[in-house]
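Derivation of every value follows stated rules applied to the coordinates shown; laboratory data play no part. Just so we're clear, the structure is a prediction, and the values are computed from it rather than from any experiment. As a convention, Cβ positions derive from the backbone with ideal geometry for all residues, glycine included, and neighbour counts pool all protein chains shown.
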Amino acid sequence: MTRHPHETGPNGRRRTRGLGLPFRGTPGPFNAITDVPGVEVGYTTLIDTDRPVRTGVTAILSRPRGKLLHPVWSGVFSMNGNGEMTGSHWVRDGGWSTGPIAITNTASIGMVHHGVNRWMMQRFPEQVEQLWLLPVVGETYDGYLNEIEGLHVTEADVLAAIDAAATGPLAEGNVGGGTGMIAYEWKGGTGTASRRVAVRAGDYTLGCLVQANHGRGPWFEVCGVRVGEKLLPPPVWRKETGSIIVVLATDAPLLPGQLERLARRAAIGIGRNGTPSGNSSGDIFFAFSTANDFGPLPEPELFHLDAVPNDDLDAFYMAAVEAVEESVVNAMLAAETMAGRKGRVVPAIDPDELAALFG
């Protein structure tokens, strides 16, 4: 029996649509960021049975790998800045980014930045000699389950994640940079979703990928239902301690300022799940558009850009809110119970118990 990617993930666990949870909006074919044409995702997942290594790397390719020196127009927003995303200063000033976008654990952000640079230099040796590279790399902290001080992510792991990038249905949960992450005190990690968006200029796709490592159990809400108060996971934190990285992608022609505004709406998406974006949380959001490709760097003498008018942005804002909200829940549903350092165990949320609250 063929499993529809809306309903079941590659690991066989049911996603939000497979549980019949009442999420709004119409997803693309995979209900994933890879529904945006040209976008690919790859992972390196590091799990060691002999020691508490529970970490990895997620790589998002905004264009086919041969065109990763073609900038994508971008925007970034920090809802709460207790975290890091490299390359964000130039995104704010220049309005674009190049190369793979990567996510990992807090202590490995330097190595992943190094690895992305290495991959780009190996792929484009003649071009990068005349250019500088400012990779976009985000992080969240996995030290509750992972031996984070061991600095286990290597350059080879980064290269492998980029080389593994592909389109199609995506693995979620305990994969890539999300391997050791915790969301609302259940096992969290990597999650994705997408929405189709119709405006006067045409039909477009908006995709989302999150690395969910945030929230307290009692806060957790799904589709407006306070499920955390009813299901109450074993407590992990005494206060909000985690973070979330959100990456939004679209094939719609949006300007950098519009993409920054789109990135801000991720805050509403995570708010729908119950978090207030706590003081200890690094909640950082990145958005890019694959449209308006002006070719490889250096920049041309004159840009010619199309753009969706501001009056039509509401449809994209709603798509972003819905996709972020659903991506977080998909991450938690795909995740499996994980044991880590010091004998700690973080359980996966029970999908049947969750679905029963919507009976």
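Simple point charges give the picture: +1 on the Cβ of Lys and Arg, -1 on the Cβ of Asp and Glu, and for the chain a dipole about the Cα centre of about 800 debye. Let me know the shape class of the range 298-359, please: from the alpha-carbon gyration tensor, a ≥ b ≥ c as square roots of the eigenvalues, rounded when a/c is under 1.5, otherwise prolate if a/b is greater than b/c, or oblate. The shape class here is oblate. In this structure the amide hydrogen of K187, modeled in the peptide plane, comes within under 5 Å of the amide hydrogens of A348, I349, none closer than 5 places in sequence on its chain.
Full extension of the chain between N279 and K342 gives 20.0 nm of extra length, using 0.36 nm per residue less the Cα-Cα distance. Spin-label model, E301/A164: points 7 Å from Cα along the beta carbon direction are separated by 4.6 nm. Note on the range 232-321: dipole from Cβ charges, positive end direction compared against A307, A267, F288; the farthest Cα belongs to A267. Farthest toward the positive end of the dipole of the range 38-179, out of N80, W96, T45, is the Cα of W96, where the dipole comes from beta carbon charges about the Cα centre.
The fraction of all Cα pairs in the range 52-189 landing in successive 5 Å bins from 0 to the largest distance is 2, 10, 19, 22, 21, 15, 8, 3, 1, 0, given as whole percents.
Which of the three applies to the range 111-216, rounded, prolate or oblate, going by the alpha-carbon gyration tensor with a ≥ b ≥ c and a/c under 1.5 meaning rounded? Oblate is the answer for the range 111-216, as a/c is 1.5 or above yet b/c matches or exceeds a/b.
Under the definition of Cα pairs under 8 Å and six or more residues apart, what whole-number percent is the relative contact order of the chain?
Values: 983 pairs, mean separation 89.2, N = 359.
So the answer I get is 25 percent.
With r as the distance between the Cβ atoms of D350 and T106 and R0 = 30 Å, compute the FRET efficiency 1/(1 + (r/R0)^6) and round to 0.05. My answer for the efficiency is 0.55. When peptides 242-255, 14-27, 125-138 are sorted by average Cβ neighbour count within 10 Å, with the highest value leading, the order is 242-255, 14-27, 125-138.
Do the sum for the chain: with -39,500 (n - 2.57) for every DSSP H run of n ≥ 4, divided by all residues, what is the mean residue ellipticity at 222 nm, to the nearest 500 deg cm²/dmol?
On the way: 9 runs with 83 residues, N = 359.
-6500 deg cm²/dmol, from helical runs alone.
Using alpha carbon centroids, what distance separates the range 254-303 and the range 110-152, in Å? So the two Cα centres are separated by 20 Å. Along the axis of the charge dipole computed for the chain (Cβ charges of +1 for Lys and Arg, -1 for Asp and Glu, origin at the Cα centre), the listed residues L297, I244, F23 are led at the positive end by F23. Every pair of different Cα atoms in the chain enters the Kirkwood calculation, which places the hydrodynamic radius at 19.9 Å. Between N11 and W132, the modelled labels are 4.0 nm apart [label points 7 Å from Cα along Cα→Cβ].
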